Amino acid sequence: MLARACWFESSSGHYKKLRGIEAFILFKMFTVYAIKSLSRNYIYVGLTADLERRIGEHNSGKNKTTKPYRPFVLIHSEEFETRPLVREREKALKSGIGKDFLRSIK
């Protein structure tokens, strides 16, 4: 969902009102997510800036890795302000402890 409008303080100290896509780009969030296959015992962990689009790609077979495991349901997601932070969390969820946590979600 795009932000309708927001105020942004530029480096010169002036405030500028941003609308639509400008506001969206400025405040883009990154999401780490986990999806579970409904047909097999498989959990996929990934990151994206557009969760709805990404899950649609998984369910439509556009992703080579997940295509054989379709359909999927979202079981977990977390939002972060920067890509390095979301990447760190993605790595944690892909670890043994992270996978155990995801398997415990009912």
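So, counting K/R as plus one and D/E as minus one, what does the shell of residues with Cβ under 12 Å around G56 add up to? List each step's numbers first, then the result.
Values: positive: R53, R54, K62, R70; negative: D50, E52, E57.
With Lys, Arg at +1 and Asp, Glu at -1, the net is +1.
Please compute the net charge surrounding E90, taking Lys and Arg as +1 and Asp and Glu as -1 over other residues with Cβ under 13 Å from its Cβ. Intermediate values should be presented prior to the final figure.
On the way: positive: R54, R83, R87, R89, K91, K94, K99; negative: E78, E79, E88.
Net charge in that neighbourhood comes out at +4.
Could you work out the local net charge near N41, counting Lys and Arg as +1, Asp and Glu as -1, over the other residues with Cβ closer than 13 Å to its Cβ? Show your work: numbers first, answer last.
Values: positive: K36, R40, K99, R103; negative: none.
Taking every other residue near N41 into account, the sum is +4.
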Query - Interchain or long-range residues, amide H under 5 Å from Y42's placed H - result: S37
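Which order do the peptides 78-84, 51-57 come out in when sorted by mean C-beta neighbours inside 10 angstrom, highest first? Intermediate results must be reported in sequence, preceding the final value.
Working: 78-84: 12.7, 51-57: 14.3.
Highest-to-lowest ranking by the protection proxy: 51-57, 78-84.
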Query raised in the report: What FRET efficiency do you get for K64 and E88 if R0 is 30 Å and r is their Cβ-Cβ distance, rounded to the nearest 0.05?
Result: 0.75
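As a test of the definition: which semi-axes, in Å, follow for region 29-104 when you take the square root of five times each eigenvalue of its alpha carbon gyration tensor? Largest first, please.
Details: eigenvalues 75, 49, 16 Å².
Equivalent ellipsoid semi-axes, largest first: 19, 16, 9 Å.
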Query raised in the report: How many Lys pairs in region 29-104 lie less than 16 angstrom apart by Cα atoms, where the lysines are 8 or more positions apart or on different chains?
Result: 5
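Values quoted throughout were computed directly from the atomic coordinates according to the rules given, and no laboratory measurement underlies them. Remember, predicted model here, so these are calculated numbers, not experimental data. Cβ: placed from backbone, ideal geometry, glycine included. Neighbour counts: every protein chain shown.
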